[in-house]
Amino acid sequence: MIRIAICDDIPGDLQGLVSLTNQYLSTNGLDAEVTGFSHPDALLTAIEAESFHLYILDIVMPMVSGLELGKEIRRFDREAQIIYATTEPQFALQAYAASPINYLIKPIDKQQLFDTLPLALSKADLADEQPFTVKTADGLRVIKLSNISCCEYHRHAVIFSIMSGEEVYSRSFRENFSEYCAPLLQNRHFLQCHTSFVINMRRVERFAKDSFTLYGGKLVPIAAKRYPAVRDAYMDYLTAKGGNR
């Protein structure tokens with residue numbers, strides 16, 4: 001399912017954007033969920049626990065402008081698509097720091113929005129919406145790949161760090177860690193950087209020679225012997241992301 005976030009502090013404009021977007025989705029038979037946010041702080045809180053494929057943002061908003069909001073979204077997710085919708089054309093050049101797919105001037109022209117949405121949605125990466133089933137002490141737990149920040153092998157089990165801050169503990173298993181994580185490692189976002197760690201590269205904030213720092217501050221080590229391969233894989237990933245926008 002495609003997830004779309006729309007943020008605008010003017011109730012009428014927010015309602016109009018949500019309505020037009022839902023109209024486009026319904027007309028084209030697309031499986032998507034649209035969530036409206038009337039304040040940028042509410043959206044910033046939401047993206048700490050979940051990600052969206054597309055953001056439609058006003059620019060002139062209280063406390064946090066759409067420009068700052070777009071930059072913050074890019075800290076968490078370099079692959080999501082961003083559309084700016086605003087009354088202020090003079091911010092267009094500054095807006096491109098967040099690599100938006102388009103910059104629409106209010107009042108929003110329906111056809112202009114409808115011409116922009118197909119391109120934005122075509123770039124939505126749904127591969128990490130696949131579920132990963134974890135056997136826990138309490139039963140089966142299904143986790144979307146997009147919600148996994150990293151996995152740590154510990155005493156014949158795996159600790160899954162989730163975007164919300166939760167940790168999910170698997171039951172013990174007999175296969176080796178790489179075999180257990182094979183479904184994750186088939187997804188281009190995931191990388192094994194250590195014998196005992198697999199990371200979601202979408203959640204990386206900083207990269208150093210001996211570690212990755214994930215959003216939220218978690219430090220994940222890089223095995224010295226793996227560093228050249230890990231570095232190359234991560235650089236290739238960043239290059240591919242840039243080409244997808």
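The values are calculated or read from the model by the stated rules, or taken from the named source; none is laboratory data. Because the structure is predicted, anything quoted here is derived from the model rather than measured. FYI the Cβ positions are ideal-geometry reconstructions off the backbone, even for glycines, and counts take in every protein chain you see.
So the values come out like this:
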{"quantity": "Test: Ala233 is touching a Lys or Arg at 6+ places or on another chain (Cβ under 8 Å), touching a residue at least 40 places away in the same chain (Cβ under 8 Å) and not in a loop (DSSP other than H, G, I, E, B)", "calculated": "no"}
{"quantity": "Residue within the range 183-192 that is under 29 Å from Gln81 (Cα atoms) and exposed (fewer than 13 other Cβ atoms within 10 Å of the Cβ) present", "calculated": "yes"}
{"quantity": "Some residue of the range 132-151 being part of a helix (DSSP H, G or I), closer than 30 Å to Gly217 by Cα and among the polar types (S, T, N, Q)", "calculated": "yes"}
{"quantity": "Extreme residue, modelled with the lowest pLDDT, among residues of the range 4-61 that are surrounded by fewer than 17 Cβ atoms within 10 Å (Cβ to Cβ), closer than 23 Å to Phe114 by Cβ and of a type in the set (A, V, I, L, M)", "calculated": "Leu30"}
{"quantity": "In the range 108-128, residue surrounded by the fewest Cβ atoms within 10 Å (Cβ to Cβ) [restricted to those that are at pLDDT 75 or above and under 30 Å from Gln186 (Cα atoms)]", "calculated": "Ser122"}
{"quantity": "Filter result for Ile105 (of a type outside the set (Phe, Trp, Tyr), in contact with a Leu (Cβ under 8 Å, 6 or more places away or on another chain), within 30 Å of Thr27 (Cβ to Cβ) and modelled with pLDDT of 85 or more)", "calculated": "no"}
{"quantity": "Residue within the range 205-217 that is within 29 Å of Asn102 (Cβ to Cβ) and surrounded by 11 or more Cβ atoms within 10 Å (Cβ to Cβ) present", "calculated": "yes"}
